[in-house]
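So the structure is just underneath, and the comments pick up after that.
The values are calculated or read from the model by the stated rules, or taken from the named source; none is laboratory data. Remember, it's a predicted structure, so these values are computed and weren't measured experimentally. Cβ sites come from the backbone with ideal geometry, for glycine too, and all protein chains shown count toward neighbours. Accessible surface areas use protein heavy atoms only, side chains included; no ligands, DNA or RNA. Shrake-Rupley method; radii C 1.70, N 1.55, O 1.52, S 1.80 Å.
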Amino acid sequence: MITAKPSERVDLGATGSTDPDGDALSFEWFCYAEAGTRGISNARTGVMHNIVGFDQPKAWLKVKTNRVMPPGTGTMHIILAVTDHGTPRLTRYKRVIVNVQE
């Protein structure tokens, strides 16, 4: 679990990811809002957090301060999906929980 404050930057990393067969890997970081306890009002796009480098092994996000429901604290669940380029393509998931505190 990572502890962060509103407007703080949170770095995410999966640079140690490898495939046992040596296949290339694709990355996707995204926010799984339903699992978290920090309420965020949804925009038209449906994107809860802009994760910079969402398709890279190293990514980051800034903990939003706008469109946040009171009290503004709680947990955010960030999911990493890593997919290999073998046949068939296989995906493994990991979860990072960010605990937002004032």
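Couple of notes before you dig in:
- Residues in the stretch 24-34 that are modelled with pLDDT under 95 and either surrounded by 15 or more Cβ atoms within 10 Å (Cβ to Cβ) or farther than 30 Å from Thr87 by Cβ (or both) were compared, and the one that is farthest from the chain's Cα centre (by Cα) is Glu34.
- Residue list for the stretch 53-97, filter: more than 30 Å from Asp23 (Cβ to Cβ) and hydrophobic (A, V, I, L, M, F, W, C): Val63, Val68, Met69, Met76
- Residues satisfying the stated conditions in the stretch 50-66, i.e. in contact with a Ser or Thr (Cβ under 7 Å, 6 or more places away or on another chain) and within 12 Å of Pro6 (Cα to Cα): Lys62, Val63, Thr65
- Just one of the numbered conditions (1) part of a loop (DSSP other than H, G, I, E, B); (2) at pLDDT below 90 is not true of Asp19: (2).
- Counting the residues of the stretch 45-94 that are basic (Lys, Arg) and under 13 Å from Ala33 (Cβ atoms) gives 2.
- Any chance Ile78 is among the β-branched types (Val, Ile, Thr) and over 22 Å from Ala24 (Cβ atoms): yes
- Each residue in the stretch 57-92 was checked for being open to solvent by less than 90 Å² (accessible area, probe 1.4 Å) and touching a residue at least 12 places away in the same chain (Cβ under 8 Å), and 22 of them qualify.
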